[in-house]
1. Kindly provide the set of residues from the stretch 3-28 that are touching a residue at least 12 places away in the same chain (Cβ under 8 Å), touching a helix residue (DSSP H, G or I) at 6+ places or on another chain (Cβ under 8 Å) and open to solvent by less than 60 Å² (accessible area, probe 1.4 Å), ordered by number.
2. Given the criteria at pLDDT 85 or above and either open to solvent by 30 Å² or more (accessible area, probe 1.4 Å) or touching a His at 6+ places or on another chain (Cβ under 7 Å) (or both), does G48 qualify?
3. Which is modelled with pLDDT of 75 or more and either closer than 30 Å to I97 by Cβ or not in a loop (DSSP other than H, G, I, E, B) (or both), of L184, L175, L163, L207?
4. Among the residues that make up the stretch 20-41, is at least one of them modelled with pLDDT under 85 and under 26 Å from L148 (Cα atoms)?
5. Tell me, please, whether a residue that is modelled with pLDDT under 80, within 23 Å of Q102 (Cα to Cα) and either open to solvent by 50 Å² or more (accessible area, probe 1.4 Å) or under 20 Å from the mean Cα position of the chain (by Cα) (or both) can be found in the stretch 117-130.
6. All but one of (1) within 24 Å of L6 (Cα to Cα); (2) touching a residue at least 24 places away in the same chain (Cβ under 8 Å); (3) more than 20 Å from the chain's Cα centre (by Cα) hold for H32, so report the exception by its number.
7. In the set V91, V64, which member is free of Cβ contacts under 8 Å to residues at least 60 places away in the same chain and open to solvent by less than 30 Å² (accessible area, probe 1.4 Å)?
8. Out of the residues in the stretch 137-160 that are among the polar types (S, T, N, Q), over 19 Å from the mean Cα position of the chain (by Cα) and in a helix (DSSP H, G or I), which is modelled with the lowest pLDDT?
Amino acid sequence: MLVNILKSEGEHQILTASDGDEALRLMGDPRHPFDVVFLDLMLPSISGLDLLERVRATPACRFVRVIICTTSTDSATVVRAARLGVRHYMVKPADRIRVFEQLNIIKAEIAGQQKIEKPEEAAGRLGIDLQAYKAKVGSTLENMERWLTHAKAGAQSADRRQLAVDSGHLKTDALDLGLREVGLTIEPNSEVPDSRAIEIAFIMSHLHGELNRVRSVLKIIVPDKASA
């Protein structure tokens, strides 16, 4: 299904692997470097996440962009994948809109667009100084941490709509602070199935990590007043 979707638009060069061992051989072969790998978590010889750990330990494919494809919707999967540097997550079955949404984000990355605006540029655009910008980053991170705590607690369907709406506000805040290429579209007043809920949680985990990196940079260029 996924191969048919990819063949239906554009001239993608596609290679497939039947198991993890074959995938690792293909990705490690310098004759055909990959721009992106769609990785199923349920593989015959090794789990997708175990394969990903081996991929990240292989110099030739350490930084390859990976889109996780799975029916799993548990938070442990999200956390482990995020720690392995994955920021693209797609719940099966493959959906044409989601597939090309993810690929367009990756194409923008390959084209060289920055994921994060420089702090001084973002502060200037907002018309505030770096200290105030740092405070905004901190408060947004606190809000994200509360959101993630709520989401990982296993919010029921009745809460998901509000979580989705709140995540839309947090996405807007992240974009305002200078993050780019955020693949998250919220449809207000709609039901949020398991697959969409885990996708939103995965993207929010990624945004949280990106903002933490921004805060780390800010700690260097804008020291805390107490330690200045």
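The values are calculated or read from the model by the stated rules, or taken from the named source; none is laboratory data. On a predicted model such as this, the values are computed, not experimentally measured, just so you know. Positions of Cβ are generated from backbone atoms using ideal geometry, with glycine treated the same way; all protein chains shown enter the neighbour counts. Ligands, DNA and RNA are stripped out before the accessible areas are found, and what is left, the full protein with its side chains, is counted by its heavy atoms. Shrake-Rupley method; radii C 1.70, N 1.55, O 1.52, S 1.80 Å.
1. Within the stretch 3-28, I5, L6, G20, A23, L24, M27, G28 meet the criteria.
2. no
3. Going through L184, L175, L163, L207 in turn, the sole match is L175.
4. yes
5. Among the residues of the stretch 117-130, at least one is modelled with pLDDT under 80, within 23 Å of Q102 (Cα to Cα) and either open to solvent by 50 Å² or more (accessible area, probe 1.4 Å) or under 20 Å from the mean Cα position of the chain (by Cα) (or both), which makes the answer yes.
6. Against the list (1) within 24 Å of L6 (Cα to Cα); (2) touching a residue at least 24 places away in the same chain (Cβ under 8 Å); (3) more than 20 Å from the chain's Cα centre (by Cα), H32 comes up short only on (2).
7. Going through V91, V64 in turn, just one is free of Cβ contacts under 8 Å to residues at least 60 places away in the same chain and open to solvent by less than 30 Å² (accessible area, probe 1.4 Å): V64.
8. Here the answer is S157.
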